[in-house]
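Here's the structure, in structure tokens; my notes come after.
The values are calculated or read from the model by the stated rules, or taken from the named source; none is laboratory data. A quick note: this is a predicted structure, and the numbers were derived from the prediction, not measured. Every residue, glycine as well, gets a Cβ built from its backbone with ideal geometry; the counts of neighbours run over all protein chains shown.
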């Protein structure tokens with residue numbers, strides 16, 4: 001059986017088995033809900049452009065109501081006018097919060113608490129416009145002459161971004177892309193780690209290695225989980241597109257189609273690098289909590305790369321930002337942002353892809369060697385030095401593993417059944433973590449009116465929470481291991 005055939009068989013097995021589990025289906029549903037919530041809920045809860053209720057009492061000019069409504073429409077506010085016969089009834093409505101503001105005698109604004117600056121500006125402009133029109137009529141100035149006199153001058157607004165020719169909207173898109181890439185790579189790289197540890201602790205891998213080489217097993221696992229991750233990202237993108245078309249008031253940075261294509265490319269490359277490292281280093285440990293510790297440097301490198309990428313967005317055209325976006329270990333997070341901001345010439349992404357693919361090729365060979373030695377090791381965590389020492393090839397004799405004497409594969413009976421229970425609990429905890437992170441992110445986005453900031457906070461909480469859940473789940477695997 002050829003190498004590609006073995007790899008594809010493993011990848012197809014990963015896709016088939018994982019896509020049918022309740023855990024994967026739950027993660028897809030939660031991801032879609034999370035994406036839609038981060039877009040829709042801030043627009044619903046933010047209250048930045050909803051309806052306003054304005055009360056009028058006392059001596060009010062005849063045309064003031066229509067002017068307040070037209071000024072509100074100009075800035076995206078729907079104004080509902082309510083007239084009151086006397087001040088007492090009107091002020092009671094203010095205290096009971098039936099209206100947002102009371103206009104008394106077209107000279108005084110009474111608020112139920114904090115002043116709404118946007119609504120105050122709308123009403124003030126309407127009162128001033130009505131006053132000017134009345135004074136012009138008294139002075140004999142025709143309405144046409146007054147309109148010409150008060151016609152506003154056309155002023156063009158240009159928002160300068162960190163890169164020449166780009167607006168802050170492009171920078172916001174770059175930040176959002178980098179956050180989503182970080183979450184995706186960390187999440188699906190963690191799935192590879194969990195899969196390696198599960199197969200090792202259950203001894204399923206011993207059966208697989210009698211027919212498939214260790215390198216092909218690792219490559220197939222990475223490929224299968226990566227395809228599932230890409231499908232989940234596509235579904236999340238569709239949910240985001242539907243959410244943005246449903247909520248017209250949402251303020252999200254626009255992303256060009258070419259940038260989206262580059263994001264997919266860099267997700268694949270970034271996932272390949274980190275998933276290979278997760279799988280290889282995770283195979284050195286015999287327990288889940290030890291695997292979390294063994295892959296700690298990869299997680300730290302991923303977070304450091306993310307922070308460096310954010311810093312590079314502040315000066316994307318500098319030499320050091322160029323180096324960071326081309327360096328293979330940081331390119332998956334740094335280069336998409338520079339592309340979104342238009343700060344990367346065509347040859348830089350091409351060079352970064354070539355260097356990253358070369359790094360992945362080398363890492364697959366290095367990681368495959370570590371995986372070959374570590375996957376059948378039991379006991380204490382295997383050091384990198386011991387794992388790199390020469391080992392015999394996993395022979396092709398059926399019923400043998402790694403050229404050793406024939407060994408009966410262990411079946412999943414008795415205590416191993418509790419492993420599935422711990423996995424279910426782990427997914428439940430991950431779902432709770434995701435929900436809590438989204439809730440906090442939505443709250444931050446609603447209070448700050450900044451969706452990117454809300455996504456950043458949600459991503460940080462989900463990543464930290466998932467690592468904690470992984471460590472807690474490891475203790476459950478440890479108890480099973482010692483039985």
State whether the residues of segment 76-98 include one that is at positive phi and either touching a strand residue (DSSP E or B) at 6+ places or on another chain (Cβ under 8 Å) or outside the structural domain of residue 237 (by TED's automatic domain parsing) (or both).
yes
Only residues that are farther than 16 Å from residue 368 by Cα, in contact (Cβ under 8 Å) with a residue 40 or more places away in the chain and surrounded by fewer than 21 Cβ atoms within 10 Å (Cβ to Cβ): list them for segment 207-231, please.
207, 210, 211, 227, 228
Give, as residue ranges, the helices (runs of 4 or more DSSP H) completely inside segment 51-155 that count at least 3 residues that are surrounded by 13 or more Cβ atoms within 10 Å (Cβ to Cβ) and touching a helix residue (DSSP H, G or I) at 6+ places or on another chain (Cβ under 7 Å).
64-74, 117-138
If you take the residues of segment 311-321 that are assigned to a helix (DSSP H, G or I) and in contact (Cβ under 8 Å) with a residue 40 or more places away in the chain, which of them is surrounded by the fewest Cβ atoms within 10 Å (Cβ to Cβ)?
314
Determine which member of the set 18, 12 is farther than 28 Å from residue 94 by Cβ, loosely packed, with under 15 Cβ neighbours inside 10 Å, modelled with pLDDT of 80 or more and in contact with a helix residue (DSSP H, G or I) (Cβ under 9 Å, 6 or more places away or on another chain).
12
Restricting to segment 319-347, count the residues that are more than 21 Å from residue 185 (Cβ to Cβ) and under 22 Å from the mean Cα position of the chain (by Cα).
1
Determine which member of the set 308, 375, 366 is surrounded by fewer than 23 Cβ atoms within 10 Å (Cβ to Cβ) and under 30 Å from residue 201 (Cα atoms).
366
Can you pull out every residue in segment 28-48 that is modelled with pLDDT under 75 and surrounded by fewer than 17 Cβ atoms within 10 Å (Cβ to Cβ)?
44, 45, 47, 48
Would you confirm, using the coordinates I've provided, whether residue 328 is modelled with pLDDT of 80 or more and in a loop (DSSP other than H, G, I, E, B)?
yes
